[in-house]
Structure formats: structure tokens, C-alpha cells
1. What's the number of the only condition in (1) closer than 30 Å to GLU108 by Cα; (2) charged (D, E, K, R); (3) surrounded by fewer than 11 Cβ atoms within 10 Å (Cβ to Cβ) that ARG168 fails to meet?
2. Residues in the range 103-162 that are under 29 Å from ASN176 (Cα atoms) and assigned to a helix (DSSP H, G or I): how many?
3. Is it true that SER157 is under 31 Å from the mean Cα position of the chain (by Cα), over 30 Å from LYS83 (Cα atoms) and in contact (Cβ under 8 Å) with a residue 60 or more places away in the chain?
4. Please state which of the following conditions ALA85 fails to meet, knowing it meets all the rest: (1) among the hydrophobic types (A, V, I, L, M, F, W, C); (2) at pLDDT 90 or above; (3) surrounded by fewer than 11 Cβ atoms within 10 Å (Cβ to Cβ).
5. Please specify each residue of the range 62-78 satisfying the condition of being touching a Gly at 6+ places or on another chain (Cβ under 8 Å), surrounded by 10 or more Cβ atoms within 10 Å (Cβ to Cβ) and either farther than 24 Å from ASP165 by Cα or polar (S, T, N, Q) (or both).
Amino acid sequence: MAMEINGNYSHYGTDYAEQMKAKREERASEAKKAKEKKESDEIPVPMDEYISSEASGRKPSGLYRLGQDENGNPKVIYDDPNKAAKKESSGKKAVDADQDENPKASEEKCVGSTDQVDREIRQLKEQKQQLEQQIKAASGDEEKVRELQAKLAQVESELSQKDNDTYRRQNSVFTNI
């Protein structure tokens, strides 16, 4: 049984490619139209804008100033203009209001001491020197040298943790004057 196929199919491939290209172009144009339609239908995004106090008709809610916190770092402090009025209406004494206005009158003075921490660090440094000397003296005994080096490594790690300002600050002792 023999079959014979007659026809020229060379133009078939180009027709398909052209059809696909036309479909892609059609989809792209539809997407552009839909995007333009969506952009025009959307509600505009609200933007921040400056309104001066005269234009707004409201008085400022409070006053802000730059100060320092207990560690000396910069801090924004809020001064409430209604604070004095609230205190007077609540029936507090005038002395309490004066102390709130003058923060230095209510401050405590303290002295910090890092003597205990310094002593601890000094002992660790002395222990480190002694271990280094013992390692030099025991250079013949390998097992003893390993034990001493392990102790030395432990002392050095403890010293690196404690010999810094953060550790001193955390472990300092404060006393009132």
C-alpha cells in the first residue's frame, strides 16, 4: 500500500508565525488600553503637604526642645503648655509645680565606682602572666603545657569579655551623695 501526499506545505510555517505575532501584538495593545483605563479610574494617592499654623487656625499642641537623657545621649523633650493649668486645677501645691518646672531641684547626685571591676581585671591579668611564666618553665612536659595553655585560653577569653567599657558600666556601683 502506497500513499502519495500532494501539496506544498512550505508556506504553512510562515503563516503560523505571522498569526502568533499578530496575536501577541493584539494582546499587548489590549494590555496597554487596560492599563491606561486603570490609571485614569484610580483615586489619586494622598500626599503630605505643609500647612502653616496661621492657615490651619489651630494653636500648636506643645513645645519640643532638644535635651539629654540620663546617659548624655540627645533626646527630644516635650513641654506641655497645659501642664501648669492641669496642676493648678487638681489642687497641687505650688512647691510641686516649682519642682516640675525646675528639674535640677528634684535631681539626685550619685557617684559611680568601678574599683571592684578594676580589681577583678587586674587579678585576671596577673593570672595570665603567671600562666605564661609556667608555660615557659614547663617547656619539657608536653601534657602540662597543654593543660596550662587551656587555662591560659580560658583566662584570656574571660579577660577579653571583662576588659571593656560596657562591662565596667554594667558592673559599676553607684552611691548617693
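The values are calculated or read from the model by the stated rules, or taken from the named source; none is laboratory data. A quick note: this is a predicted structure, and the numbers were derived from the prediction, not measured. Backbone-built Cβ (ideal geometry, glycine too); neighbour counts: all protein chains shown.
1. Only one criterion is unmet by ARG168, namely (3).
2. Within the range 103-162, the subset under 29 Å from ASN176 (Cα atoms) is 103-123, 161-162.
Pick out the ones that are also assigned to a helix (DSSP H, G or I) and you get 103-106, 115-123, 161-162.
Selection size over the range 103-162: 15.
3. no
4. So ALA85 meets the others, but not (2).
5. ILE77, TYR78 - these are the residues of the range 62-78 that are touching a Gly at 6+ places or on another chain (Cβ under 8 Å), surrounded by 10 or more Cβ atoms within 10 Å (Cβ to Cβ) and either farther than 24 Å from ASP165 by Cα or polar (S, T, N, Q) (or both).
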